[in-house]
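K.L.:
Take a look at the following structure, please.
The values are calculated or read from the model by the stated rules, or taken from the named source; none is laboratory data. Just so we're clear, the structure is a prediction, and the values are computed from it rather than from any experiment. Virtual Cβ from ideal backbone geometry, glycine too; neighbours counted across all protein chains shown. Just so you know, the surface numbers come from the protein's heavy atoms only, side chains and all, with ligands and any DNA or RNA stripped out. Shrake-Rupley method; radii C 1.70, N 1.55, O 1.52, S 1.80 Å.
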Amino acid sequence: MGNVGADARTAGRGAGRPMRVLVTGGAGFIGSHVVDAYIAAGLDVAVVDNLTTGSRANLNPAARLHEIDIRDADALVRVFEQERPELVSHQAAQASVRLSMENPSQDAQINVLGSLNVLEACRKTGVRKLIYAGTGGASVGEPSYLPVDEDHPANPLSPYGADKHAVEHYCYLYQQSFGLETTILRYSNIYGPRQDPRGEAGVIAIFAGLMLAGGQPVVYGTGEQERDYVYVGDVARANVLALTRGAGRMYNVGTGVSVSVNGLFDRLAELTGYTQARKHAAALPGEVFRIYLTNDRARDELGWLPEVDIDEGLRLTVEHMRAKLAAQAKEKGGR
């Protein structure tokens, strides 16, 4: 992280004081890696998380946890008043396309109204900058050209994609009307250690978890659907670079390379020693068939490019999951 970490450490209010940062969703899969990266960069980090999908086990012990929901506007403002962050990294979200299709209202309550509460808390307490975790796939919908750049039209196919895209407009509004500096990071499909294999999102974690446990992963549709998979450590690094760069800009955070679901299945089967054939089921509604993102703007303006390729990332992910399962089995056997 080099000079970026040094710049961030000295950017806080007051001489010699590290930057105070608040991460929403900081006990979750992605958010906890962002918290780790910020702490490694020498920042003072607070976390807001309701622990619905996040876990205390994910949380860096150097971070302060406030167990509240971003839908609770008053409680959120009280935390901001207490912590007085200079910068907010907004990672909290309802992240399942399927659940958003089943309950669009709840998705909007969390991803739109909750995000508005975060923006309002920033405005009311004088936060300098907000980094917003957007989505580069679900917001775009089925692309009209590939690879998808930041100027591609947004035609989401799910409430999740529509809601995440709507907040991008609110970010622009709060920067233009209220002076809150914003940087939008549009993530591609993120995977890596700490992703919940029992969760609704994250095909890599779901497949690997079932394969290691001797279960039967299900491939929805033909399996020829293609996605851009980026390793969570690379995403965390983009959030560090965005601390001091990218004001008023939007960046794709992806690899620029697509991998099919069938291809993932085969690679994970090899890594886990899984020998059963693929099982297919009907395709899920609201899912984009093929998408991958450019990262030219992030390279040129943030100095970011992915460092972990899919083969290395899958290996690291499977190793982490295998070690976790072994530890759980040992703990259970010792009872």
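K.L.:
Under a plain spin-label model, where a point goes 7 Å from the Cα along Cα-to-Cβ, how far apart in nm are Asp309 and Ala327?
P.N.:
Each label point lies 7 Å from its Cα, and together they span 3.0 nm.
K.L.:
What residues from the stretch 286-307 fall in the zone where the backbone N is under 15 Å from a label point 7 Å along the Cα-to-C-beta line of Asn262?
P.N.:
Those under the cut-off are 290.
K.L.:
So what are the stretch 88-162's ellipsoid semi-axes, whole angstrom, largest first, if each one is the square root of 5 times an eigenvalue of the alpha-carbon gyration tensor?
P.N.:
So the equivalent ellipsoid measures 24, 17, 8 Å along its semi-axes.
K.L.:
Under a 5 Å amide H to amide H cut-off, with H placed in plane at 1.01 Å, what residues pair with Tyr251 once short-range neighbours are removed?
P.N.:
The list, which skips near neighbours in sequence, is Ile184, Leu185, Arg186.
K.L.:
Run through every distinct alpha carbon pair of the stretch 149-188 and return the Kirkwood hydrodynamic radius in angstroms, one decimal place.
P.N.:
11.2 Å
K.L.:
Can you give the three extents of the C-alpha atoms in the stretch 187-313 along their principal axes, from longest to shortest, in whole Å?
P.N.:
The Cα atoms of the stretch 187-313 stretch 47, 26, 21 Å along the principal axes, largest first.
K.L.:
How many Å² of accessible area per residue for the chain, probe 1.4 Å?
P.N.:
43 Å²
K.L.:
Long-range amide H contacts for Tyr220: which residues qualify at under 5 Å (H placed 1.01 Å from N, peptide plane, sequence gap of 5 or more or a different chain)?
P.N.:
Amide H neighbours of Tyr220: Ala281.
K.L.:
Which of the three applies to the stretch 114-207, rounded, prolate or oblate, going by the alpha-carbon gyration tensor with a ≥ b ≥ c and a/c under 1.5 meaning rounded?
P.N.:
oblate
K.L.:
Using a 1.4 angstrom probe on heavy atoms only, work out the carbon and sulfur share of the accessible area of the stretch 8-134 in %.
P.N.:
Roughly 49 percent of what the probe reaches on the stretch 8-134 is carbon or sulfur.
K.L.:
While we're on this one: Using just the helices of the chain, give the 222 nm mean residue ellipticity in deg cm²/dmol: DSSP H runs with n ≥ 4 each add -39,500 (n - 2.57), and the total is spread over all residues, rounded to 500. Before the final figure, lay out each step's value.
P.N.:
Numbers: 11 runs with 131 residues, N = 335.
Helix-only estimate at 222 nm: -12000 deg cm²/dmol.
K.L.:
Let me ask something else. With every protein chain kept in the model, how would you rank Leu173, Leu113 by accessible area, 1.4 Å probe, largest at the top?
P.N.:
Values: Leu173 70, Leu113 95 Å².
I get Leu113, Leu173, largest accessible area first.
K.L.:
In addition: Could you tell me the calculated FRET efficiency between Ser105 and Thr275, based on Cβ-Cβ distance and R0 = 45 angstrom, to the nearest 0.05?
P.N.:
Details: r = 43 Å, r/R0 = 0.96.
With a Förster radius of 45 Å, E is 0.55.
K.L.:
In Å³ and rounded to a whole number, note down the convex hull volume per residue for the Cα atoms of the chain.
P.N.:
Details: hull volume 45.2 nm³, N = 335.
Enclosed volume per residue, from the Cα hull, is 135 Å³.
K.L.:
Take the solvent-accessible surface of the protein heavy atoms, probe 1.4 Å, and return the percent of it on the stretch 183-335 that carbon and sulfur atoms account for.
P.N.:
Ligands and nucleic acids excluded, carbon and sulfur give 51 percent.
K.L.:
Once the piece of chain linking Arg64 and Tyr172 is laid out straight, how much longer is it, given 0.36 nm per residue of separation minus the C-alpha distance between them?
P.N.:
Value of the extension gain: 36.0 nm.
K.L.:
Could you tell me which of rounded, prolate or oblate describes the stretch 1-159, using a ≥ b ≥ c as the square roots of the eigenvalues of the alpha-carbon gyration tensor, with rounded for a/c under 1.5 and, failing that, prolate when a/b is larger than b/c and oblate otherwise?
P.N.:
Taking the square roots of the gyration eigenvalues as a ≥ b ≥ c, the stretch 1-159 is prolate.
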